[in-house]
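Structure, as structure tokens:
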Amino acid sequence: VNIFIEAPYLVQVAVVLLTGLSFGSFANVCIYRLPRKESVVSPRSRCPSCSSKITAWDNVPIFSYFLLKGKCRQCGVAIPLLYPVIEAVTAFLILLGFIKFGVSSKFFIFCIVGPALVIITAIDIKHKIIPDAITLPGIVFGLVAGSYLFGFKNSIIGLFTGGSIFLITSEIYYRIRGRIGIGGGDIKFISAVGALLGWQQLVLVIFLSSLIGSIVGLIGIVTKKNNLASQIPFGPFLAFATLLAYFSGEQIIYLYVTKVTGGL
């Protein structure tokens, strides 16, 4: 750590970006394997089309995609553009975290949180699930990290408040509409978020995610891409709201209290 701190800022940025790219590469593994209930540790990466092992040289984040011209070296089948996009987005988020928090505990915590949000978003959009393999360890991690950042009491209240709100809302929705509105993955996810950020920022996450989700849903209805019966995965909105709260939650709450409510 000391060597990193003493290094020139551009070197620090380069190291952070390379680290972010490696996290993005692992995120791709999780996005592909977790919905299939496969291990993210072994076996080593293979081509989904021909099952040939991918060499280390062909598995370099982003660069290999362009060197291979977006195709598997063995079978020539196109590699989804989503792979380098996930790597780039993850690296960008890690860099933003470094710029925002510097070398701090909040940055190191974000190095876990950021990629997890990317994984959840991608899986929920494609498969409409949020795997327990992320949310259950996320609850434990959120409780430990949240207790360090905001105190154990705040963290534990956030955990149970988040889970309770979504669980009750889900039950009410099911009894009224006769179908599931909030899935179990969302309930566990918001519990982890509450544990990580505490109850005050939890309220902000729920408000922001609901607002963003409503706007996106309304746009979908206006453009006739969705209708009132369409099921839109809520995980991406929760992930984005969590990102906003982690970066600027305290400032947003402060502005609301001072500017909107007049400090009351």
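Can you spot a residue in the stretch 228-241 that is in a helix (DSSP H, G or I) and over 16 Å from the mean Cα position of the chain (by Cα)? The answer is no, given that none of the residues of the stretch 228-241 is in a helix (DSSP H, G or I) and over 16 Å from the mean Cα position of the chain (by Cα). Hey, does the stretch 24-38 have a residue that's without any contact (Cβ under 8 Å) to a residue 40 or more places away in the chain, more than 23 Å from ILE125 (Cα to Cα) and out of contact with any Ser or Thr (no Cβ under 7 Å at 6 or more places or on another chain)? No, because not a single residue in the stretch 24-38 is without any contact (Cβ under 8 Å) to a residue 40 or more places away in the chain, more than 23 Å from ILE125 (Cα to Cα) and out of contact with any Ser or Thr (no Cβ under 7 Å at 6 or more places or on another chain).
Does TYR173 qualify as being part of a helix (DSSP H, G or I) and without any contact (Cβ under 8 Å) to a residue 24 or more places away in the chain? Talk me through it step by step, then tell me what you get.
Values: part of a helix (DSSP H, G or I): yes; without any contact (Cβ under 8 Å) to a residue 24 or more places away in the chain: yes.
Taking the combined requirement at face value, the residue satisfies it.
The sole residue among THR121, THR90, THR55 that is among the polar types (S, T, N, Q), at pLDDT 95 or above and over 20 Å from ALA14 (Cα atoms) is THR121.
Within the stretch 214-227, can one find any residue that is polar (S, T, N, Q), out of contact with any Ser or Thr (no Cβ under 9 Å at 6 or more places or on another chain), surrounded by 14 or more Cβ atoms within 10 Å (Cβ to Cβ) and under 26 Å from PHE110 (Cβ atoms)? Looking through the stretch 214-227, none of the residues is polar (S, T, N, Q), out of contact with any Ser or Thr (no Cβ under 9 Å at 6 or more places or on another chain), surrounded by 14 or more Cβ atoms within 10 Å (Cβ to Cβ) and under 26 Å from PHE110 (Cβ atoms). Restricting PHE141, PHE166, PHE92, PHE110 to residues that are touching a Leu at 6+ places or on another chain (Cβ under 9 Å), of a type in the set (Phe, Trp, Tyr), part of a helix (DSSP H, G or I) and open to solvent by less than 40 Å² (accessible area, probe 1.4 Å) narrows the list to PHE110. Of everything in the stretch 228-245, what is at pLDDT 85 or above, of a type outside the set (S, T, N, Q) and either touching a Leu at 6+ places or on another chain (Cβ under 7 Å) or open to solvent by 90 Å² or more (accessible area, probe 1.4 Å) (or both)? Give them in sequence order. Listed by number, the residues that qualify are ALA239, PHE240, ALA241, LEU243, LEU244, ALA245. Taking first residues from the stretch 106-120 that are over 14 Å from GLY24 (Cα atoms) and without any contact (Cβ under 8 Å) to a residue 24 or more places away in the chain and partners that are of a type outside the set (Val, Ile, Thr) and open to solvent by 20 Å² or more (accessible area, probe 1.4 Å), the Cβ contacts under 8 Å between residues at least 6 apart in sequence or on separate chains come to PHE107/LYS100; PHE107/PHE101.
The values are calculated or read from the model by the stated rules, or taken from the named source; none is laboratory data. These numbers were taken from a predicted model, which means no experiment stands behind them. Every residue, glycine among them, receives a Cβ derived from its backbone with ideal geometry; neighbour counts consider all protein chains shown. Accessible surface is based on the protein model in full, side chains and every heavy atom, while ligands, DNA and RNA are left aside. Shrake-Rupley method; radii C 1.70, N 1.55, O 1.52, S 1.80 Å.
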